[in-house]
Every structure is written in C-alpha cells, then in structure tokens.
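All of the numbers you see were taken from the coordinates with simple rules; none came from a lab. Please read all numbers here as calculations on a predicted model, not as lab measurements. We place every Cβ from the backbone using ideal geometry, glycine too, and count neighbours over all the protein chains shown.
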Amino acid sequence: MNDRSDAEILIIDDDASMRKALERLLRSMGYRTRTFCSAQEFLDTDFQSDSVACIVLDVKMPGMSGTDLQKELRKRDLPFPIVFITGHGTIPMSVQAMKHGAVDFLEKPFDEHALVQAISRAVEKGRQTMAFKREISDLEERYQQLTPREKEVLALVVAGMLNKQIAAELGTSEKTIKVHRGRVMEKMQAGSLADLVRMAEKLNIPTP
Amino acid sequence: MTCAVVLLTVIAFSPAYALPGGWEEHRGWIIGIAAFGGFVLGLIVAFFLRKDGRETGLCHEDLERLVRERTALLEAEVEKGRISQEALARSEADLKMVQEVAVVGGWSLDLRTNKLTWTDGVYEVFGLPRGTPLDYEKFLSLVYPDDVEYVNRSWNDALKGARYDIEHRILVDGAVKWVREKARVEFSDSGTPLRGLGIVQDITGRKQAEQEQYILRRQLTHVSRLTTAGELTAALAHEISQPLAAILANAQAARHILNDEKPDMDELHAILDDIISDDTRAREVIKRIRSLLRKESAKSGRMDINRVIEDALKLVERESRFRRITVRSALAQGLPPVTADPIQIGQVVVNLVLNAMDAIDEDSEPPRDVTVESRMNGETEIVVSVRDTGKGIGEEALRSVFDPFYTTKEDGLGLGLAISRSIIESHGGRLSAADNPGRGATFSFSLPVMGKEA
C-alpha cells in the first residue's frame, strides 16, 4: 500500500461532531485531512493541491447538497474522487451518485474497514487521474512545440496515410514529408507509429 | 270530488281547451267525476246546444276526444295521489318503529309523597315488571353506581330550578344501558317543588355507536401518527445515524491512538467526552420518536396553542432546512388557553406544515416560505393557519382534499388531511383549505377558547 500521508482527504460534512470524529479517525490511520462545513465553503476556498486528494462527502447538507457539489465539480472539471457518506440513503440517490463517478456510497454508521477500503480506492483513482492529467499536459507541451506544418503531417500520419499520399495532399515532395515526420516523432518522443497514434488519441487530435 | 272541480276549472279557463270552431255559443256543460280511494268512479256529461243546429255530430266527437284526454290525465293524477298516500302510511309505520326502537317513556314524581309513577315504556327501559312499587330511592338504586352522585346532584339542582337534561347509565339485569332524561319541576306559588314530570329515552345504541366511532378515531389517529412518523423517518434516521457514525468513528480513532507508543491522553479524554455527548444526542432523537408513536388516548387539558406550534415546528425544522424552505411563525401574543390534546394538535400542525412543504417544488422560485400564524377570531375561537408559496390546490382538488385516501403524492396514503380534520372536529373546531389570491394555499383550523366551547 502506498504511503497514506501523501494523500489528502477532504472531509465535507455539516455535522461538526461527525467532522471531528472522521478527522480523528483518518488522522489516527495516517492520512492528512482537511475539513469543510459545507459544499459552498469548499468551493469558496478554491482548493488546489499538488498531492492526491479525495473527498469524503456527506450527501444531505443544508444549502448545496453532496450530489449538487459532485455535479458542480464535474462542471468545473475538477475530478476529485468522491466517497459519499449518508445518514439515510435511498437507492436512486446512490445510483445517481455512482453513475456520476462516485467511488463509493457508505451508509452511516460505517465500519472503519469499509471507509479505509473506499478511501484507498478513491486515492488510487485520484493517483491515476493525476498521472493521466500529468501525461496529457506533457503531451500537450510536446505537441505545442510542433510547427504548423508538422502538426498537419502528424494528423495525416495518424490517419494512416503513406508518405507519398501525404506529399500529394500537401503539394510537396515525399522527401520533405520524411523529414517532417522524423521531426514529429522526435519532438513527440514517440518510439513507433503505434505510439504516435496513441498519443494523438489522448490529445484528441482530429483526423481528416 | 276535489279532482272533478279541478278538471272543471281547467277546461273552463284554459284557452287551449276552447271549444271547436263553429260553436258560437254553448248552453252549458257539466262534468262530474267522483274519485275515491284511488279509483275513478265518475262520469263526464256535456250538454251542448248549437245556435244554428249544424254539425252536432262532429262536435260530439271532438268533445269525446277531449274528455278521453282529460280522463287519462285525471287518472294519472289520482294514481300519483295513491302513491303518496302509501308513502305517508309507510312513513307512519317507520315513525312507530322509531318510537319502539328509541323506547321513550314518561314518569312523574310526587314530591310530597315520594311516589314515583312510570309509564310502561319506562318499566321496559329499566327491565322491571310493570306495577313494581317505585320511589325516588328505588330509581337511584337502578342507576349505575358511578353515576348515582351525578344523577342525584342534577335532580337536586332541578329542584332548585335548574334545567334537568342528563345522560347517565343504568343497570338492567347486570347489563349497562344508557338513558337520556329530561324533566320539568312544578312549583307552588310559594316556590315549593310539588311534582316532577319527565321522559326517559334509551340511548344505548347511540352511545355504542359513539364509542365505536371514538375507538375508530383513536385507531386512525394512531395510523396517522405512524404515517406522519413514516414521512419523518428520513429526517429522523439521518439525525440518529449521524451521532452513531460519529461515536463509531471516535471509538475506532481511540483504538488507533491506544496503539501508539505514547498515546495522547488528552485526545482520548476529548474523544470520550464527544462519544458521551453524541450518545445523548441520539437518545434525544429516540425520545422524540417515542412520544410521536405512543398510542395513548387523547389527553385533553389546558393547552397553550403557541407552545404546541413551536414544538411541532422544531420537529420539522431540519426537514425544512434540507428543502431550503423558510418556515416562519407569526404567533399572536397573549392568546387564551384551549382545551385540547397537545399531541394530537401538534400532529395536525406537523402534518399541515409537511404538506405545505410538499407543495413547494424543489425547483420552484423564491419566496419558498411556509408561514404558521395563530390569532384570535372574535372572542370565542383561536385560528391557526399554515400558508405556503407552493403550487396551490386548484378548484377541483379543493373539493376532495379532505376525503380519505385522496392523495396527489406518489407515496402518500391520503389519510393525513382526513385524520387532521377528524381530530380538529373532535375538538369542536373546523379545518378548511383555500388557495391564496397570489401563490400557494392556506390551511386553517379553529379551536374554541377554553370555557367557550359550544
């Protein structure tokens, strides 16, 4: 298991004693925690973290509910993994939450093992998301180093066209295309054509 | 004979029955009909004299046709009369049966000799053989023991001029019967009571029906409490699982802390304090549920309506916060007390407020308000109204909102308002509903002020 202290658990619950108890429990298990008394307070702090963060979120809260916050975070493209906790959950409520990407849905009172399992999965998911995001931003950076011509060539290469076809399409010689292609592979740090295609997919580059 | 006269009048005065054309003058005509006991016995005779003596035959035909038509009409009328006579006879029989069922008897008590005289009906009510010698004491000995003092006191009051109209129990061969008594005392010129004259009516049947109704209402109230409780379960379950979850998390945290090399004793103390306070919190919730579910008969007493409203609003407070609805109260100060069961009335308030909140859709525009108001209406009653800014009721639904099992909610039983109305009416008040001129609806109930009950 990864070191727990590199993940930050964000506890959002309107009930003060629940907040305190959860904080104690998670800290005693080695997690770093932060608490918020409402969804709005969490949004207002404009939370930023370099480490992996996941949210333990109460469903029923006055004002913005847990599920409302989940929607809002998706809208803002803040894909924090969420573990919902609820005092009185309904099946439609949990189905909706899980559909929208919640990691787990725990009914209060819950066992610490269930909580730890859910949080571990959430942290793992957070790590993956973070790694993916990092990879995308890396690729994005490399892509931005390409010249406009190289970008054109890249799009046609990943569309499966041969050098000869690309040359005809762009109205230039096959030799020139070869040079462009070599630069693209180099700048994108792609080991093979298959590698380049995967990168283009991740970057969502439109093929003609 | 009356019928005949009527017919004559009709023919003589109605222009529709004017005689056929060509008859410039008729000498006269007589129509006679005897109707008796529903049968037409009589005859119609007409005499005509034409001035110029022509077309007499044709005229006869016309007249005969006319007579046939009138006769048919008359027969129909008489038939109708026969039917209403039968109806009258039937209702007389009904009345007699009612008298028999109701068993009414009369009595008189000579206050100088203490001689009590009963009609046969009274002997029958009390189940004694006719002719049994009677006096006031003998009568009292037949009264149900618990009611003797009440009856005796009422009679003594009557002897001082008070009204004597009482309901009490009697024992007939060990069985309990209910009677109603009404009497008048005759006084001498000097004011000495001379004679009591009264009637006795056996009202056991009515009392039984009342008793059954009371039991039924109590059962319904219990059901309604369960229903209301069911509607509140969501809020209460949340409230109770909250402290339970905190207790568990705290205890588990404490176990981890105890595994440390140097456990933080201050933290452990703090954890235990929090566990105790959360436990208290949970017990409070349980207590509230219990008092809501307790099946007990109505305990009417002196009650402050504003306190009942405030207690009821506490129960729905959390629910209203979740629904982002503002529940306001506008309670008049210095209201006189009412005689009522605070649990039942509180339940009506909870029910009306929950309904009001249900009427406000999740996405409806502000204001999202429920206002509970209490005020005097005249000098004899207090009115409590619950006003919302929801979608209103609508003219058609207004007619049936109080009907049992009428509901517009997916998960509603449709009993809440029916039971609320029955509770309010059993307290001598009224519960009504109306749409607001602007948005939403208002449910109001009245309760008579203590001492001003009808």
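Please label the shape of segment A:88-135 as rounded, prolate or oblate, based on the square roots a ≥ b ≥ c of the eigenvalues of the alpha-carbon gyration tensor (a/c under 1.5 means rounded; beyond that, a/b larger than b/c means prolate, else oblate). Present the calculation step by step, with values, prior to reporting the outcome.
Details: a/c = 5.36, a/b = 1.54, b/c = 3.48.
Taking the square roots of the gyration eigenvalues as a ≥ b ≥ c, segment A:88-135 is oblate.
So for the pair B:Arg255, B:Val148, with labels modelled 7 Å out along Cα→Cβ, what separation do we get in nm?
7.0
By how many nm would the segment from B:Ile215 to B:Ala397 grow when fully extended, if each residue of separation counts as 0.36 nm and the alpha-carbon distance is taken off? Before the final figure, lay out the partial values.
Details: separation 182, 0.36 × 182 = 65.52 nm, distance 2.95 nm.
So the extension gain works out to 62.6 nm.
Determine Rg/Rh for segment B:103-202; Rg is computed over alpha-carbon atoms and Rh is the Kirkwood hydrodynamic estimate from the same atoms.
Radius of gyration over Kirkwood radius for segment B:103-202 works out to 0.95.
Please compute the length gained on full extension between B:Ala76 and B:Asp304, using 0.36 nm multiplied by the number of residues separating them and subtracting their Cα-Cα distance.
Numbers: separation 228, 0.36 × 228 = 82.08 nm, distance 6.67 nm.
Taking 0.36 nm per residue and subtracting the Cα distance, the gain is 75.4 nm.
Note down the relative contact order for segment A:145-203 as a percent, whole number, built from C-alpha pairs under 8 angstrom at least six residues apart.
Working: 38 pairs, mean separation 20.8, N = 59.
Relative CO of segment A:145-203 lands at 35 percent.
Based on the Cα coordinates of segment A:145-203, what is the per residue volume of their convex hull in Å³?
Working: hull volume 4.3 nm³, N = 59.
Spread over its residues, the Cα hull of segment A:145-203 gives 72 Å³ apiece.
Pick from A:Leu106, A:Leu115, A:Leu43 the residue whose mean-square fluctuation is largest in a GNM of chain A, springs joining Cα atoms under 10 Å.
Looking only at A:Leu106, A:Leu115, A:Leu43, the largest GNM fluctuation is found for A:Leu43.
Mind sorting B:Glu210, B:Glu261 by how few other Cβ atoms lie within 10 Å of their own Cβ, fewest first?
B:Glu261, B:Glu210
Based on other C-beta atoms within 10 Å, arrange B:Tyr150, A:Tyr143 from fewest to most. Please report the intermediate quantities before stating the final value.
Working: B:Tyr150 15, A:Tyr143 18.
Lowest count first: B:Tyr150, A:Tyr143.
Relative contact order of chain A, please, whole-number percent, based on alpha carbon pairs below 8 angstrom and at least 6 residues apart.
Numbers: 254 pairs, mean separation 29.3, N = 208.
Relative contact order for chain A comes out at 14 percent.
Give me a comma-separated list of calculated 3J(HN,Hα) values for segment B:342-357, in order, Karplus coefficients 6.51, -1.76, 1.60 applied at θ = phi - 60°, integers in Hz, x for any Gly or Pro.
x, 5, 5, 5, x, 5, 4, 4, 4, 4, 5, 5, 4, 4, 4, 5
At 7 Å along the Cα-to-beta-carbon direction for both A:Asp68 and A:Gln189, put a label point, then send me their distance in nm to one decimal.
Simple spin-label model gives 4.4 nm for this pair.
Can you tell me the convex hull volume per residue for segment A:1-134, based on C-alpha atoms, in Å³ to the nearest whole number?
Details: hull volume 13.6 nm³, N = 134.
Measuring per residue, one finds 102 Å³ for the Cα hull of segment A:1-134.
What FRET efficiency, computed as 1/(1 + (r/R0)^6) with R0 = 35 Å and r the Cβ-Cβ distance, is obtained for B:Arg375 and A:Glu41, rounded to the nearest 0.05?
Numbers: r = 41 Å, r/R0 = 1.16.
So the FRET efficiency works out to roughly 0.30.
Find the percent of Cα-Cα distances in segment B:308-454 that exceed 22 Å, and round it to a whole number.
37
Give a residue-ordered list of calculated ³J(HN,Hα) values for segment A:111-124 (Karplus: 6.51 cos²θ - 1.76 cosθ + 1.60, θ = phi - 60°; whole Hz; x for Gly, Pro).
7, 5, 5, 4, 5, 4, 4, 4, 5, 4, 5, 5, 5, 4
Could you pull out the pairs from A:Lys178/A:Lys202; A:Lys99/A:Lys125; A:Lys71/A:Lys99; B:Lys182/B:Lys452; A:Lys133/A:Lys202; B:Lys182/B:Lys207 whose alpha carbons sit more than 19 Å apart here?
Values: A:Lys178/A:Lys202 24 Å; A:Lys99/A:Lys125 15 Å; A:Lys71/A:Lys99 11 Å; B:Lys182/B:Lys452 24 Å; A:Lys133/A:Lys202 10 Å; B:Lys182/B:Lys207 17 Å.
Result: A:Lys178/A:Lys202; B:Lys182/B:Lys452 exceed 19 Å.
Quick one: order A:Val83, B:Val350 by neighbouring beta-carbon count within 10 Å, fewest to most.
Values: A:Val83 23, B:Val350 26.
Result, fewest neighbours first: A:Val83, B:Val350.
I need to check one value: relative contact order of segment B:299-454, counting alpha carbon pairs closer than 8 Å and at least 6 residues apart, in percent.
24
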